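Trainee: What follows is a single structure, and I will ask about it in a moment.
Rule-based calculations on the coordinates, nothing more; no lab input. Keep in mind that what you see is a predicted model, and the values were worked out from it rather than measured. We place every Cβ from the backbone using ideal geometry, glycine too, and count neighbours over all the protein chains shown.
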Amino acid sequence: MTGTPNAPLFILSFRQRDELASLAAGAGWQVVAARRAGGAERRFLSSGAAVAVIDARGAPADGVNAARTMSGAVEANGGALLALVSRGEAATIAALYGAGATHFLASPFSEAEFLQAVRFAARHAERMAREWAAGPVFAPLGWRYDLISRTLILTPGLAALLAIDDEPSVRAMLRRLDRGDRIAAVAALRRVSANRPATAFAHDSDLTTVGRVVQHLQLDAEGGRIDAVVEPLGSAPEPAAELRESLAGARDAGSARRWLTRRLADEAGAPLHAMLIALNRFDMVNTAYGRATGDALLSSAQKRIDDVVRDMLGRDALIVRLSGSTFLVAARSIRLRIDLVVERIAHALARPFVTGDSIAVLGCRIGLAEALPDDSAASLLRRVSEALADARESDTATMRVADAEQGDAPIDQLAVELNHALERGEIGVLYQPQVSVSTGAIVGVEALARWEHGVLGTIGAETLFAAAARADLEIGLSDHIQRVVLAQAAAWPVALAGLRLSLNLTAADIARPGFADLFLDRVDASGFPRTRLTLEITESGLIEDLGIASALLSVLRGAGCRIAIDDFGTGYSSLAYLKALPLDYLKIDKKLAQDITGSARDRIVVRGVIDMARSLGLTVIAEGVETQPQLEALAAEGCQIYQGFLCAEPISVEALEALVAR
Ligand code: C2E
Ligand code: CA
Ligand code: CA
């Protein structure tokens, strides 16, 4: 993996190659370093690195040229290109971006900052690889084999597709193919190695949404290298959702079975689980609203499932739409995490679907089975189907587990543990930067809660709050987080003294009698200035009683805090709120912010929201900005502040300090 020590890292530095190389090597990177631009692209490719560092300090023109030469190779490998520049050379930064750099770090910087920047870049690269795995149709899929050094490099997209994350080798790649396909592949490799300049072969792909692919092989002019481009069949210009639609069905079931067979054969790791998710009442939607609405709804449902699965189980999970409105998900994981996934999927699918002018409430039934030692794909699928049938027959249960007593829901288990977790200090906070669109400066942060669970690792805020609701600990949790955040922020180093701090308030907070006084006392006791606080509220937090909420917010605002309305643009956003409430900021929900690079219609919606917010004098913050094109489009529409992985994920105070220092 790219983000972990021992991964390769490529560094091109005209003047300080050895210093940078030893610094990175000291942090565990396998460094391949160059001092000259000539041949750098080739060396980068054969290094297998996902991140290239180009040190343009004191040599801006050479740096830009090198970035231009290498960016194609970097991009094709889903990588990141980190440019080091001298502070003040703003023109160089723009030129470097233009030439394809994805990240930059301005000097002077400390060793720690350099390593941090490399890690950020590596995480960016990992994320790109994950994105490709999730939406693989347009990902560059390909590989390059050096016949002389016998090294193979896969694009991250292809590595994800073939589930190869250790040393890639031709043999490992061939092993991923069915026997018949393997014979065709070997023949094609022979042809091209025997100096035939180009050939191709087709095979079935494990990649659930792609089906069959063609591999185009090409021998380079010197005969020393084979380049392959992997092309999903019939995928060309269709939007991903439609493609997924057209490919759903029998072919996916086939590749799912192969996926399961392969995973069952390999016993290493956590137990393999399979779940079948069936949407309730879907036929009714099809009948009532027509096929087009039904199809749109299915792709939103799949998107919701994808989001949960990628978030909780990573990229090595199988997600397939089977026939009709049933989805298959399979992954290796400990049981408790799987249970949480089931619960989150059930929750995600219970939310209403908005399609055009209509709103449909569906919900789902889920069957779950864990693989037994002698299971085949067929027997596992049979048991999970039986579990689904049981769930369907039940009046109350959303979920059934094959061959198991129905135990406590996982969220209930977590709820039981939450009290201790609070006492043990396992609930902490990360900070996500909010960045000025016009200056690029970090102007504030949002505090986001995390649970460092002993067994499950980090648990995200949504699951944490769901557990708190189950345990009736919402207020206790809120109190705890507010105390932790305020105490930390009051002790922030001077470097962070200019930042605003955003805190999320829950519906329970707002409904609490006397909350304003209690909260303001708490703020004052911490020593953090009220005037640097922003309170984020969601509409669901307000819906209970708009009058009370509005009065509460007025008090807080009158006391110096600012107020943001969160997640705007999802669900039933109401314009009435905007007028009725004392607000300073409007936060555009991440889904809407990300849609801006989608259809023209999406863009018009975003434009409308931004225009309206600005005409009400609100500052617009876009959330979930992950890519430069999204940021550019949002900036063009007049969005003033953004937040999202493009700048940083939620990070620790130390990491934040390092980031702000740049
Ligand atoms: P939110 O307030 O909308 O917070 C933003 C969420 O988006 C965070 O999820 C953040 O990690 C995620 N995010 C940020 N940038 C990106 C991006 O570029 N792409 C994507 N896909 N996601 C991004 P998180 O931390 O899991 O929090 C989820 C929700 O839980 C928050 O949504 C908020 O409603 C609630 N929450 C989190 N921490 C607290 C807290 O301390 N108190 C309260 N009351 N609620 C909290
Ligand atoms: Ca928020
Ligand atoms: Ca939000």
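Trainee: Between Val494 and Asp62, what is the FRET efficiency for a Förster distance of 41 Å, r being their Cβ-Cβ separation, to the nearest 0.05?
Mentor: E between Val494 and Asp62, to the nearest 0.05, is 0.65.
Trainee: Would you list which aspartates and glutamates come within 16 Å of Lys587, measuring only between C-alpha atoms, while excluding same-chain residues fewer than 8 positions from it?
Mentor: Straight-line reach from Lys587, under 16 Å: Glu446, Glu536, Glu539, Asp566, Asp567, Asp595, Asp611, Glu623, Glu626, Glu637.
Trainee: Considering the Cα positions of the chain, please state its Rg to one decimal place and its Dmax as a whole number of Å.
Mentor: Rg, Dmax (Cα atoms, Å): 26.2, 81.
Trainee: Normalising by the residue count of the chain, find the relative contact order in percent from Cα pairs under 8 Å and 6+ residues apart.
Mentor: That works out to 7 percent.
Trainee: Glu267: net charge of surrounding residues, Cβ under 13 Å, Lys/Arg +1, Asp/Glu -1, itself excluded?
Mentor: 0
Trainee: I've got another one for you. Listed highest first by mean packing, meaning other Cβ atoms within 10 Å per residue, what order do 324-336, 437-449 come in?
Mentor: So the order, starting with the most tightly packed, is 324-336, 437-449.
Trainee: Continuing with this model, one more query. Say the dipole of the chain comes from +1 at the beta carbon of Lys and Arg and -1 at that of Asp and Glu; which of Ala172, Ala40, Gly460 then lies farthest toward its positive end?
Mentor: Ala40
Trainee: Hey, can you rank 118-124, 348-354, 371-377 by average C-beta count inside 10 Å, highest first?
Mentor: 118-124, 348-354, 371-377
Trainee: Would you mind putting 501-510, 381-390, 281-290 in packing order, based on average other-beta-carbon counts within 10 Å, highest first?
Mentor: Ranked from most to least packed, the peptides come out as 501-510, 381-390, 281-290.
Trainee: I've got another one for you. Test of understanding: what is the full-extension gain from Ala268 to Asp18, defined as 0.36 nm times their sequence separation minus their Cα-Cα distance?
Mentor: Gain on extension, Ala268 to Asp18, equals 86.0 nm.
Trainee: Using the Kyte-Doolittle scale, which helices in the chain average at least 0.5 and also have C-alpha atoms spread 27 Å or more along the helix axis, with helices defined as whole DSSP H runs?
Mentor: none
Trainee: Scan around Leu618 for amide H atoms under 5 Å from its own, H built in the peptide plane at 1.01 Å from N, and keep only partners 5 or more places away or cross-chain.
Mentor: none
Trainee: Taking the Cα-to-Cβ direction at Asp295 and at Arg310 and moving 7 Å from each Cα, how far apart do the two end points lie in nm?
Mentor: 2.3 nm
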